[in-house]
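To start, the structure under review is shown below, and the notes come after it.
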Amino acid sequence: MSEQEKRGGGRTALDVLLHEDRIFDPPPEFASRANVRDASVYEEAEDYEAFWARWAEQLDWIQPWTDVLDWKPPHAQWFIGGKLNACFNCVDRHLEGSRRHKAAILWEGEPGDRRSFTYFELHEEVSRFANVLKSLGVGRGDRVAIYLPMIPEAAFAMLACARIGAPHSVVFGGFSPDSLADRINDAEAKVLITGDGGYRRGGVVALKDNADRAVERCPTIDHVVVVARDGEPGLVEVTMKEGRDHWYHDLAPDASTECEVEAMDAEDTLYILYTSGTTGKPKGVVHTTGGYMTQVYATTQVVFDLKEDDVYWCTADVGWVTGHSYIVYGPLANGATVLMYEGAPDFPDQGRFWKICDEYGVSVFYTAPTAIRAFMRWGRDWPDRHDLTSLRLLGTVGEPINPEAWIWYHEVIGGERCPIIDTWWQTETGGIMITPLPGITATRPGSACRAFPGIEVTLLDDAGEEVSAGYLAIPRPWPSMLRTIWRDEDRYRKTYWSKWPGVYFAGDGAKVDEDGYLWVLGRVDDVLNVAGHRIGTMEVESALVDHDAVAEAAVVGRHDEIKGQAIASFVTVKDGVAPTKELGAELQAHVADRIGPIARPADVIFAADLPKTRSGKIMRRLLKDIAEGHAIGDTTTLADPAVVERLRMQYEEDES
Ligand code: PRX
């Protein structure tokens, strides 16, 4: 394969998808037992308010709602006047009857240590955590930042916040101190919950140290609660600041395991979750309680076809929205048994995930295309060594899945007996929006199929006309939609609602085929999707120009066989600075240090000039062409067209 083909220069994703005509009917054995078996569900959901209200009725409400929906674009309110508590719905309501001693969370640490919690025990843990927060002065409406590894306490902390009505803001443990501080400051969080460390690929990630560096810059933080990964200190050396920092295990013994739940309004904020956009500053996506819980509850039950005896494993980190909706709130609201794993998929070897599936009898498995492509590269020997017959449904999320990876997942992991559920959604949508239904939909590799019942999506052009290939748009409200950007209503309106009046702009491009199947192609804005993680080009550019040697920087995403996209950065240096290989490595490390390792550029290309329009705007489109080895697009608007040719020659030289 040539370098150009490797970078996706030959065939575009669209070409590949357009030639995909394999169809997979739901396996008859599966379909006959599926939670939703009848395609009439789509028609029944046409009265979407009534449809969602029927789902909402399955939650426990403290006070019923009076109206289902109030839609004053761009603001929706769902289940108006209703009161409920998200934690109660995930925990307390399972305490009566047979779920009381059912496993709620099965946890495995990377070194192989195990912990498990029944619903009864979960109730105690969460109530105790909630009382600890209260003892530190956290009350209804106060924001709590959570920066933890994948340990059970991450779920306890989230649910504890929900219990007392304190919106949480979970920050992925891989983010840098700066990224953590920015998020804490934007939300004005009062308390930070962190840990001493966690295991990743055999090493220990020292979180407290990062947290300390962040909190130095966070005037609103009164207290830091530190969870010891092993239940007692010793994993890594940490410094505790007197009066501010508290070990969780010191506070917990004094806290009661009974804690009343707060009666929250359906529209009260459940959480804020920061995600990247097209500017340098991440935005705080605000999710509320009633609508959010309704949609994650319904989609978990229908899309994953959850049954009482399933062992459900979503491999995401709780730091991302997938972890919020489909590790914590959706599955627990359904009374499921949820598996959590702390570490890397290739530790101690590349068979770790399959060993876990085998040992725990995992039946429903949800992961990202990036992971599937890595498994493919590692080879089928690893899964073949384990008994995977407990699996009955496989899901994917986060990025487009290429048909080859889909087929491999289907054959090698699913033994050709498991439906594959390719789910499209976003941090902003809160819950799954486009997906097959496992008992009904004939799936096509690479297509997320169609909108979930009760959801409408359409493809529009710039003028708002319906087209068969264009921008993915959502023309009517849905229960788990974001309500605003935290303290930035203006950005909320501009980002999502300014393209067409009253219609949500998702930021993705898509195509619909003659059978009505949707094919999501990827972002159409300056947002990158690296290994399923959203990163803004502007964030990386700001991190680069923040380095002393850099005059100007432009960042684009280029195709990457495993990660979907990799970050290519084009940099001009200041006068007198030598653009050496060492400087390139230093800049990569600098970005990782500023944002987090997920944002490290794969390529740093030093350029004498960046291609700009006569008005001085950097033309990223041309840089993308260079980085992907495509034919260079139209350069007529460039101030100096020769810049591009020089850059391309240089890029090819650097690559070889
Ligand atoms: O581009 C789409 C891609 O991921 C973006 C949302 O990223 P984030 O908010 O981080 O949430 C990821 C997990 C829900 C979307 O705008 N995306 C997500 N799922 C798919 C997808 N692209 C194609 N197919 C999918 N199934």
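Structure above, values below:
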| read-out | value |
| --- | --- |
| Net charge of Cβ neighbours under 14 Å - reference residue 430; Lys, Arg +1; Asp, Glu -1 | -1 |
| Extension gain from residue 617 to residue 62, taking 0.36 nm per residue of separation minus the Cα-Cα distance | 194.4 nm |
| With every protein chain in place, region 248-301: carbon and sulfur % of accessible area (1.4 Å) | 44 |
| Accessible solvent surface per residue of the chain, calculated while the other protein chains remain in place, 1.4 angstrom probe, Å² | 38 |
| Segments 637-647, 69-79, 127-137 sorted - mean Cβ within 10 Å per residue, highest first | 127-137, 69-79, 637-647 |
| Amide hydrogen neighbours beyond the local backbone of residue 428, cut-off 5 Å, H modeled | none |
| Selection of trypsin sites (Lys or Arg not before Pro), region 528-606, meeting DSSP coil and at most 12 other Cβ within 10 Å | 574 |
| Exceeding the 28 Å Cα-Cα cut-off - candidates 134/494; 283/307; 283/581; 511/563; 574/617; 72/563 | 134/494; 283/307; 283/581; 72/563 |
| Of 286, 519, 394, farthest towards positive along the dipole that unit charges on Lys, Arg, Asp, Glu beta carbons give the chain | 286 |
| Computed over region 533-655: relative contact order in percent, which uses C-alpha pairs under 8 Å that are six or more apart | 22 |
| Net dipole in debye of region 533-655 [+1 Lys, Arg Cβ; -1 Asp, Glu Cβ; about Cα centre; nearest 20] | 440 |
| Amide H partners (placed H, <5 Å) of residue 268, local residues excluded | 289, 290 |
| Share of carbon and sulfur in the accessible heavy-atom surface of region 533-655 [1.4 Å probe, %] | 51 |
| Residue among 56, 167, 343 farthest towards the positive dipole end of the chain, charges placed on Cβ | 167 |
| Neighbour net charge for residue 449 - beta-carbon separation under 11 angstrom, K R +1, D E -1 | -1 |
| Largest-first ordering by accessible area, 1.4 Å probe, given options 46, 260 | 260, 46 |
| Total formal charge among the other residues, if their Cβ is under 13 angstrom from that of residue 284, Lys/Arg +1 and Asp/Glu -1 | +1 |
| Region 88-133 versus region 523-599: alpha-carbon centroid distance in Å | 41 |
| Amide H partners (placed H, <5 Å) of residue 506, local residues excluded | 472, 474 |
| Surface share of carbon and sulfur [accessible, 1.4 angstrom probe, percent] for region 75-130 | 48 |
| At most 11 other Cβ within 10 Å, DSSP loop - GluC sites (Glu not before Pro), region 421-507 | 465 |
| For the chain, calculated [θ]222 nm from helices alone, where every DSSP H run of n ≥ 4 adds -39500 (n - 2.57) | -8000 deg cm²/dmol |
| Calculated from backbone phi, Karplus (6.51, -1.76, 1.60) coupling profile of region 469-486 in Hz, x at Gly/Pro | 9, x, 7, 6, 9, 10, x, 9, x, 9, x, 9, 5, 4, 9, 5, 9, 3 |
| Highest average packing first - 605-615, 93-103, 221-231, Cβ atoms within 10 Å | 221-231, 605-615, 93-103 |
| Distance (nanometres) between label positions extended 7 Å along Cα→Cβ at residue 575 and residue 385 | 6.0 |
| Ordering of 367-377, 339-349 by packing [mean C-beta count within 10 Å, highest first] | 367-377, 339-349 |
| Furthest towards positive pole of dipole, 446, 91, 28, structure part the chain, Cβ charges | 91 |
| Point-charge dipole on Cβ atoms (K/R +1, D/E -1) for the chain, about Cα centre, debye to 20 | 440 |
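The values are calculated or read from the model by the stated rules, or taken from the named source; none is laboratory data. This is a predicted model, so every value here is computed, not measured. Glycine also receives a Cβ, built like all others from the backbone with ideal geometry; neighbour counts cover every protein chain displayed. To get the accessible areas, we keep the full protein, side chains included, count just its heavy atoms, and leave off ligands, DNA and RNA. Shrake-Rupley method; radii C 1.70, N 1.55, O 1.52, S 1.80 Å.
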